[in-house]
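In what follows, a structure is listed as structure tokens, so that the remarks can point back to it.
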Amino acid sequence: MELRNFEEFWPYYMGEHRNPVCRALHYIGTSAAITIVVTSVVTLNPLLLAAFPFVGYGFAWFAHFFVEKNKPASFKYPLWSFAADHKMLAYFVTGRMGAELERLEKGLLPEAIQEMMARSGGFNVPADYFRTSAMPAAVPGSPASAANRRRWPLYTAIAAVATTIGVVVVVLAKSGSGNAQPSTPSSSAAVVVAPPPSSAAAAPAPPPPVEMKACGLSVTPSDAVIQRGDQTLSNPVVFTIAAGTSTDLVVTRDGYEPQTITLNAGDSKQVKLKKVAPVAVPGGKYPNAQKPPAANPGARHACDPEDPFCK
């Protein structure tokens with residue numbers, strides 16, 4: 001029998017979903033699909049819509065193939081089946097699904113047909129419409145006991161809510177981690193500004209002071225030149241160097257032998273340069289035809305007035 005409109009399709013759809021487990025899986029899939037759409041709109045993430053058909057139809061088709069063991073109505077009537085899935089969920093949430101199934105089992109006109117007739121302006125249903133051979137064989141719509149009949153909607157609702165919450169949490173967690181933006185504090189919120197670190201804490205500790213010690217040098221003759229590296233010093237000279245170190249001074253003067261004096265920190269020295277010895281020339285003559293004065297052991301030699309060590 002070819003169905004002509006949704007009013008005729010609804011009783012057929014109800015007959016294909018008699019098993020309560022099958023309907024429960026439909027509720028879970030439809031609820032999860034609706035949650036995905038809402039989350040996609042709220043988070044402005046259209047990529048989430050790619051999971052919509054897999055979640056929505058995955059539960060439903062599993063229920064048909066392995067629980068109800070029939071062919072999903074969406075294969076032949078995809079649009080009507082999509083609308084009927086949401087209508088069945090609405091009847092379950094409002095508590096009218098049980099009464100709708102009882103009317104179907106008794107061969108009465110389902111309540112949904114009456115609603116659709118009121119909206120469409122009339123719909124004639126043959127008297128034997130629900131007993132036609134095209135309808136699937138009737139199976140118990142719910143367990144015989146009243147206790148089990150009351151538990152199935154509760155179990156289904158719990159499963160649907162848990163699945164929906166799980167999908168929402170996973171989607172929001174992934175969406176939040178991918179699109180996280182640094183939040184800016186509102187103008188009304190109090191902004192706590194940390195005090196700048198003190199300069200004492202930020203600056204490194206200064207090195208310990210270096211101990212300096214004085215050094216002194218006096219050279220005879222007094223016009224001798226004292227050099228420390230490229231620096232020419234006065235005679236006598238006093239300067240300071242770091243404790244535990246030393247320095248070299250070069251002392252020169254024309255007619256005297258140069259000397260290199262090493263002073264340690266804290267040293268003070270007096271140095272007398274040695275004159276350069278005269279060089280003999282051939283014939284026993286001295287330079288400038290002068291002879292060295294004769295030695296007089298008894299005579300007292302004259303002191304150089306600039307020699308501090310002469311007495």
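The values are calculated or read from the model by the stated rules, or taken from the named source; none is laboratory data. If you're wondering where the values come from, they're calculated on a predicted model, not measured in any experiment. As a convention, Cβ positions derive from the backbone with ideal geometry for all residues, glycine included, and neighbour counts pool all protein chains shown.
Selection within the range 51-68: residues that are aromatic (Phe, Trp, Tyr), closer than 17 Å to residue 20 by Cβ and touching a residue at least 24 places away in the same chain (Cβ under 8 Å). The member of this set that is surrounded by the most Cβ atoms within 10 Å (Cβ to Cβ) is 59. Would you check if residue 63 is small (Gly, Ala, Ser), within 25 Å of residue 102 (Cβ to Cβ), assigned by TED's automatic domain parsing to the domain that holds residue 104 and in a helix (DSSP H, G or I)? Yes. The residues listed here are 281, 276; of these, the one that is surrounded by 10 or more Cβ atoms within 10 Å (Cβ to Cβ) and at pLDDT 85 or above is 276. In the range 69-86, the qualifying residues are those that are surrounded by 17 or more Cβ atoms within 10 Å (Cβ to Cβ) and within 18 Å of residue 24 (Cβ to Cβ), and the one that is farthest from the chain's Cα centre (by Cα) is 73. Within the range 223-250, restricting attention to residues that are assigned to a loop (DSSP other than H, G, I, E, B) and among the small types (Gly, Ala, Ser), the residue that is farthest from the chain's Cα centre (by Cα) is 224. When you check residue 24 against the structure, is it small (Gly, Ala, Ser), under 19 Å from residue 166 (Cβ atoms) and at pLDDT 90 or above, yes or no? Considered against the rule, which asks whether it is small (Gly, Ala, Ser), under 19 Å from residue 166 (Cβ atoms) and at pLDDT 90 or above, residue 24 comes out as yes.
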